[in-house]
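Only one structure is covered here, and it is reproduced in the block below.
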Amino acid sequence: MYKVFQNYLEQALAERFSLTEQAIPEGLQHQKSDRGRNPAEITSWCYDCPEFRKIRYTYIDAGASAQVFNSVIYPGFEYEMPMLGIDLLSFGKKKILVVIDFQPLFQDEDYLEKYIDPMRTLRYKYDDLAQDLGMKFYDANQYFSKNLLFAKVDEQSVEERVFPAFKDYIELYFEVFKEVKPLKSEQAIQRIVQAHKDYDQYSAERDPAHGLFSSYFGEAWADRFLYEFLFADAQPVAVTH
Ligand code: BLA
């Protein structure tokens, strides 16, 4: 269902950047499960290039039970640019959730004006996808922007609305990125290093996907996938098992 989204992202990246494939820890790149109603498969890809220190995306294919495309693009530490965050989820026809955002590293006014305001036109172009759904797992005021697309939709709008929105947000992300000047001072760069670390820590601790990964692939695998791949700069808080 979201394979055309993945193909588009891959194409958009390949035509602009010189990507190097990054190794994914043993056992995490691909996994299969027969535990659910339908067989499930999870596959991940990871790249970097001079502009982006980590480009990762994951596809979960569990037939009619689940189709998921999840991606985060982490700029290099010398760019204060937000991450591009994408989470497209489909659990059968009844539950399709889509989230696309430039995920801000900071919430101060100057930062938001510089990196989040440029999304305003698209946010209103896709007003039907900016649904103001409350967040249960995350805090909407941390690492999310006011211009995020967050919607519960049907299959038809995935094709007619979400795909055009996805393309527009990706194009805009790279356009804004093109104008960004790399930071020079070591202190400013260290502030970004810390912000990326905080983002990973926050995301690993709250990720609503842990249960999904556990149910298909077991809890040990889920923990490894979160802390060794998705949010590799996060520290597991406590060993509970
Ligand atoms: C919600 N994301 C979810 C949910 C799941 C995932 C299972 C809960 C859906 C529900 O309400 O039942 C799935 N998250 C994943 C998967 C991965 C993951 C499969 O990290 C990894 C492969 N989530 C992101 C990114 C964004 C994001 C990059 O990973 C940013 C655009 C957003 N996901 C996001 C939001 C919600 C969500 C805002 C709703 C959470 C809430 O209600 O607090």
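Which helices, counted as full DSSP H runs in the chain, have an axial Cα extent of no less than 20 Å and a Kyte-Doolittle average of -0.5 or above?
Long hydrophobic helices here: 163-179.
Report the rotationally averaged projected area of the stretch 3-179 based on its alpha-carbon convex hull, in square nanometres.
10.7
For the stretch 25-66, which trypsin sites (Lys or Arg not before Pro) are in a loop by DSSP, counting at most 14 other Cβ atoms within 10 Å?
Qualifying residues, ordered by number: R35, R37.
Apply the Karplus curve 6.51 cos²θ - 1.76 cosθ + 1.60, θ = phi - 60°, to the phi angles in the stretch 29-40 and return the couplings in whole Hz, x for Gly and Pro.
These are the phi-based 3J(HN,Hα) values: 5, 8, 8, 10, 9, 10, 6, x, 4, 10, x, 10 Hz.
Would you mind telling me which residue in A195, A14, A62 has the biggest mean-square fluctuation in a Gaussian network model of the chain, where springs connect alpha carbons within a distance under 10 angstrom?
A14
Using Cα springs under 10 Å in a Gaussian network model of the chain, which residue among S215, S71, S185 shows the largest mean-square fluctuation?
S185
Net charge near E160: determine it from the other residues with C-beta under 14 Å of the C-beta of E160, scoring Lys and Arg +1 and Asp and Glu -1.
Summing Lys and Arg as +1 and Asp and Glu as -1 gives -2.
Among Q190, Q201, Q67, determine the one that fluctuates most according to a GNM of the chain built with springs between C-alpha atoms less than 10 Å apart.
Of the options given, Q190 has the highest mean-square fluctuation.
Calculated from DSSP H runs of 4 or more alone, at -39500 (n - 2.57) each and per residue, what is the 222 nm mean residue ellipticity of the chain, nearest 500?
Using -39500 (n - 2.57) per qualifying helix, the result is -9500 deg cm²/dmol.
Residues with beta-carbon under 13 Å from that of Y143, excluding Y143: net charge, scoring Lys, Arg +1 and Asp, Glu -1?
Spelling it out: positives minus negatives among the neighbours equals -4.
Values in this text are rule-based calculations from the coordinates and carry no lab data. All values derive from a computational prediction rather than experimental measurement. So basically every Cβ, Gly included, is an ideal-geometry build from the backbone, and we count neighbours across all protein chains shown.
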